[in-house]
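Visitor: Sharing a structure here in structure tokens format.
The values are calculated or read from the model by the stated rules, or taken from the named source; none is laboratory data. For clarity, every value in this text was computed on a predicted model and none was experimentally measured. In this analysis, Cβ positions are derived from the backbone assuming ideal geometry, glycine residues included, and neighbour counts consider all displayed protein chains. All accessible areas refer to the heavy atoms of the entire protein, side chains included, with ligands and DNA or RNA removed. Shrake-Rupley method; radii C 1.70, N 1.55, O 1.52, S 1.80 Å.
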Amino acid sequence: MTRTHYTVLAGGTGAAKFLRGLVQVVPEEDVHVVVNVGDDTEIWGLHISPDIDSIAYALAKRLDTVRGWGLENETFRCLEEAQTYGLPSWFRLGDRDLATHLARTEFLRRGLKLTGAVAHMTKAIGVKARVLPATDDPLRTKIETPGGVLDFQEFFVRERWQPQVRSVTYAGANEAHASAAVLNSIRESKLVIIAPSNPITSIGPMLAIQDVRDALRCTRAEVVAISPLIGPAAVSGPAAKLMEACGYEVSPAGVARCYHDFLDNIVLDTRDAALAASIRYETIGVQITDILMPDDEAARGLAEFIIHENSTAAG
Ligand code: GDP
């Protein structure tokens, strides 16, 4: 069977930037995105899938790229009104964004699985890539802090990722299964790309699903990861803090370690070239380029590099 698609494992912000570049380099129809659902939550009775929405909005060219989340040209009038009734307002739901959450919640209520709801909704907004939730089963990232256990959004948005982190767990991971579409996508891919996403709270929840980890270990495709860290710092967000809390070295070498059992290559920034020898020692290949994506042009350059460097493997 000819392998025609590229599979990208994705969280939110970093993956959204990279995908905007990738679809300039390969046909969007050939891109499958397996997306984290560990961040999903319920607000005002609505099912919110922050990573899926960031990916879908980015591919539909409707993401607010300055904020890094939500729709561009957004207003927050409903949020203001909702405060009158004492509803929580720390999770900022935009007026037009609310339609997405209403639609998803309604489709789930009618009996669709998340995969079906997302397929329907991404098609409706003109996304040609296949956006696949990692699982349809409940899987939620929990952050243990000195003040108690928080859902990821409580930690990340409400507490602005300030509390000390004692541990990170993935509730439901032992019982969760990936959909057949996710497993086929990984197994039959031309190339599997781990996006520059938080290894602990964006990629980690997906790897905690045994079927996903097994598929990554067994796939015929090469697996290449893009580091979300340059030196000891994440480009944005709490990746460094969470890696430290989970006992990983806070560097691109630590990122390679998170994926060591299935990773063939890791892409590091030019500034981290000196780390290559220690990573290669672990039998993971190292590819070096500029991995910062300030705009779509930079993202295209990174995607071009990755497709070119891994094209023999991709056949
Ligand atoms: P969160 O923001 O930590 O919850 O994680 P996400 O997985 O949603 O996306 C943010 C991740 O993308 C962070 O770990 C960032 O360091 C990474 N990131 C953001 N922008 C870039 C970029 O331009 N280049 C690279 N290599 N990583 C990036």
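Visitor: When the chain is fully extended, how far beyond the present Cα-Cα distance does S278 get from H260, taking 0.36 nm per residue of separation?
Guide: Separation in residues times 0.36 nm, less the Cα-Cα distance, equals 5.2 nm.
Visitor: Give the Kirkwood hydrodynamic radius (Å, one decimal) of the stretch 176-315, defined as one over the mean of 1/r across all pairs of different Cα atoms.
Guide: By the Kirkwood definition, the hydrodynamic radius is 15.3 Å.
Visitor: Based on the Cβ-Cβ distance from T2 to D214, what FRET efficiency comes out when R0 is 30 Å, to the nearest 0.05?
Guide: 0.80
Visitor: Let me ask something additional. Considering Cα pairs under 8 angstrom that are at least six residues apart, work out the relative contact order of the stretch 252-310 and quote it in whole percent.
Guide: 31 percent
Visitor: Now for a different question. What does the net charge come to around K128 if you take all other residues with beta carbon closer than 11 Å to its beta carbon, with K and R at +1 and D and E at -1?
Guide: -1
Visitor: Can you tell me the accessible area per residue over the chain, all protein chains present, probe 1.4 angstrom, in square angstrom? Present the calculation step by step, with values, prior to reporting the outcome.
Guide: Details: 13760 Å² over 315 residues.
Using a 1.4 Å probe on heavy atoms only, each residue of the chain averages 44 Å².
Visitor: What does the helix-only formula give at 222 nm for the chain: each DSSP H stretch with n ≥ 4 adding -39500 (n - 2.57), the total divided by the residues, and the result rounded to the nearest 500 deg cm²/dmol?
Guide: Theoretical 222 nm ellipticity from helices: -10000 deg cm²/dmol.
Visitor: Per Stokes-Einstein, at 25 °C and 0.890 mPa s, what whole-number D in µm² s⁻¹ belongs to the stretch 6-87, with the Kirkwood radius over Cα pairs as the hydrodynamic radius?
Guide: The diffusion coefficient I find is 175 µm²/s.
Visitor: Taking only the C-alpha atoms, wrap a convex hull around the stretch 156-241 and report its volume per residue in Å³ as a whole number.
Guide: Output value, Cα hull per residue: 118 Å³.
Visitor: Rounded to the nearest 5, what % of the DSSP beta bridges within the chain are antiparallel ones?
Guide: Just about 40 percent of them are antiparallel.
Visitor: What's the angle, to the nearest 10 degrees (0 to 90), between helix 13-22's Cα axis and the longest principal axis of the chain?
Guide: Tilt relative to the chain: about 60 degrees.
Visitor: Still on this structure: Modelling each spin label as a point 7 Å along the Cα-to-Cβ direction, I'd like the E249/K113 distance in nm, to one decimal.
Guide: In this crude spin-label approximation the distance works out to 4.0 nm.
Visitor: Ranked from highest to lowest mean number of other Cβ atoms within 10 Å per residue, what is the order of the peptides 243-249, 20-26?
Guide: The densest-packed peptide leads the list: 20-26, 243-249.
Visitor: With r as the distance between the Cβ atoms of Y85 and R158 and R0 = 30 Å, compute the FRET efficiency 1/(1 + (r/R0)^6) and round to 0.05.
Guide: Approximately 0.95, to the nearest 0.05.
Visitor: Just need log10 I(q)/I(0) for the stretch 80-203 at q = 0.15, 0.16 Å⁻¹, Debye formula, equal scatterers on the alpha-carbon atoms, no solvent, rounded to two decimals.
Guide: Values, matching the q order: -0.99, -1.11.
Visitor: Find the centroid of the Cα atoms in the stretch 208-286 and in the stretch 1-41, then give the distance between the two in whole Å.
Guide: Cα centres, the stretch 208-286 to the stretch 1-41: 18 Å.
Visitor: Still on this structure, I have one more. Hey, can you rank 262-268, 177-183, 122-128 by average C-beta count inside 10 Å, highest first?
Guide: Per-residue mean Cβ counts within 10 Å order the peptides as 262-268, 177-183, 122-128.
Visitor: Straight distance only, please: which lysines reach the Cα of K17 with their own Cα at less than 17 Å, same-chain residues fewer than 8 apart left out?
Guide: Cα-Cα hits under 17 Å: K61, K128.
Visitor: Run through every distinct alpha carbon pair of the chain and return the Kirkwood hydrodynamic radius in angstroms, one decimal place.
Guide: The Cα-based Kirkwood calculation yields 19.6 Å.
Visitor: Please state the relative contact order of the chain as a whole percent: Cα pairs under 8 Å, 6+ residues apart?
Guide: Value for the chain: 20 percent.
Visitor: Using a 1.4 Å probe on the protein heavy atoms, what percent of the accessible area of the stretch 98-240 belongs to carbon and sulfur?
Guide: Percent of accessible area from carbon and sulfur atoms in the stretch 98-240: 51.
Visitor: Can you order the peptides 100-108, 208-216 by their average number of other Cβ atoms within 10 Å per residue, highest first?
Guide: With the highest mean Cβ count within 10 Å placed first, the list reads 208-216, 100-108.
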